[in-house]
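The values are calculated or read from the model by the stated rules, or taken from the named source; none is laboratory data. On a predicted model such as this, the values are computed, not experimentally measured, just so you know. Positions of Cβ are backbone-derived with ideal geometry, glycine not excepted, and every protein chain shown enters the neighbour counts. In case anyone asks, the SASA skips ligands and DNA or RNA and just uses the protein heavy atoms, side chains included. Shrake-Rupley method; radii C 1.70, N 1.55, O 1.52, S 1.80 Å.
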Amino acid sequence: MLATAATRADAPPAFEQSRWTAPGSDYALLSAQPATCLAIDDARVRSGRALFATPTLLGGQAAKAGLSCASCHINGRGNPHFQLAGVSDAPGTADVTNSFFSAARGNARFDPVAIPDLAMPGKVARDPAARALEPFIRTLIVEEFGGEEPTPAMLAAIAAYVRAIGPCQPDRSQARRLDDQFRAIDDGTAAAVLMIGREDRAGVRLSIAAVRHQLALISERYAGTGFAGDRAALLAASRELQAIGERENAGALLRRWKTGFDGGLAKRLRRDEDHSLYNPNRLARALRRSAPRRQ
Ligand code: HEC
């Protein structure tokens, strides 16, 4: 995905999220997002937030499409613009028991429902004593989405995050910024450190995939020939991370990677943010250019 973005220098931008966005809603989805205020904000909750936004947590078709928990539950909330053929009817709905996602669970009925806002009380009890949330999330991952069995540390982190999701006062939407991706990269790094501490190899790999996915999201926003160098650097950073995930001393290597990223590429990206497609005016213009391609 990063590779595609890096080679198509002057092609109209292609946003992964457009694949599951109702026609005409790309600008709304890509320029704004619901805000979330976490009840608890510690390393475990931040790790859960990283995994929640990582497509490879889900298996099969969902992961291939780049879909994560956060695609439907943006910042743990809803997504009124979500629309995927065969999964949604009206925008904002999804059928998570659809065989599109998993042959095992597909119930052969098309019954999409509104994507719930996880900041609000719902069907699944959040109280740890009820022991309902972890099994629910496990079933979602393994049976609904055909993902690999999550490790106990992964499940604990995701559940801790879901429990912490809350609305802000006042409840509002906020602009999407490069800082969203930087924060998510911090989350993914925190998750990797936590998983290294648990000697959870699958957790380390998933955390690294979380960071790499965020690098790909940045790359989409730095479109055009002028940013070819930044895209190449993002791709190189992503490849370097992939190699780190396989190494014994991943913790030390990851710290070195992060220091290098923060001190170099991240600064350049921040300096150029206003010229990138994080700038809502440029985003609107770019989407107008790419609109005919979606027909
Ligand atoms: C394709 C969109 C989609 C994806 C991806 C998705 N969800 Fe959901 N989620 C839904 C829908 C729709 C429901 C409501 C299901 C129902 O009511 O039967 C739901 C329900 C839930 C609930 C229960 C809310 C309640 O009522 O208490 C939780 C918790 C949840 N999702 C967490 C997750 C997690 C964690 C992931 C990733 C492993 C995830 N979701 C991925 C669409 C999605």
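Cα-based radius of gyration for the chain, normalised by 2.2 N^0.38 Å, reads 0.97.
Residues in segment 152-157 carry Karplus couplings, in order, of x, 5, 5, 4, 4, 5 Hz; the curve used is 6.51 cos²θ - 1.76 cosθ + 1.60 with θ = phi - 60°, and Gly or Pro positions show x.
Here the gap between residue 113 and residue 32, fully extended at 0.36 nm per residue and compared with their Cα-Cα distance, gives a gain of 26.8 nm.
Provide the per residue accessible area, probe 1.4 Å, for the chain, rounded to a whole number of square angstrom. Heavy-atom SASA per residue in the chain reads 47 Å².
Calculated FRET efficiency, residue 199 and residue 90, Cβ-Cβ r, R0 35 Å, to nearest 0.05? The computed FRET efficiency comes out at 0.15. Extension gain, residue 127 to residue 243: 0.36 nm times the residue separation minus the Cα-Cα distance gives 37.9 nm. Out of every Cα pair in segment 150-232, what percent are spaced more than 14 Å from each other? For segment 150-232, the fraction of Cα-Cα distances above 14 Å is 71 percent. When the accessible area of the chain is split by element with a 1.4 Å probe, what percent falls to carbon and sulfur? That share works out to 54 percent. Descending by average beta-carbon neighbour count within 10 Å, the peptides 50-58, 255-263 line up as 50-58, 255-263, the highest first.
Put the Cα centre of segment 224-279 next to the Cα centre of segment 181-217 and the gap is 14 Å. For the chain, 69, 72 stand unpaired, since no other cysteine beta carbon lies under 4.7 Å from theirs. Loop sites by DSSP among the GluC sites (Glu not before Pro) of the chain, restricted to those with at most 13 other Cβ atoms within 10 angstrom, leave 1-198 as the longest stretch without any of them. Neighbours of residue 119, meaning other residues whose beta-carbon lies under 10 angstrom from its beta-carbon, give a summed charge of -1 when Lys and Arg score +1 and Asp and Glu score -1.
With helices as the sole contributors, the chain gives -14500 deg cm²/dmol at 222 nm; each DSSP H run of n ≥ 4 counts as -39500 (n - 2.57), and the sum is divided by every residue. A full extension of the chain between residue 149 and residue 169 corresponds to an added length of 3.5 nm, given 0.36 nm per residue minus the alpha carbon distance.
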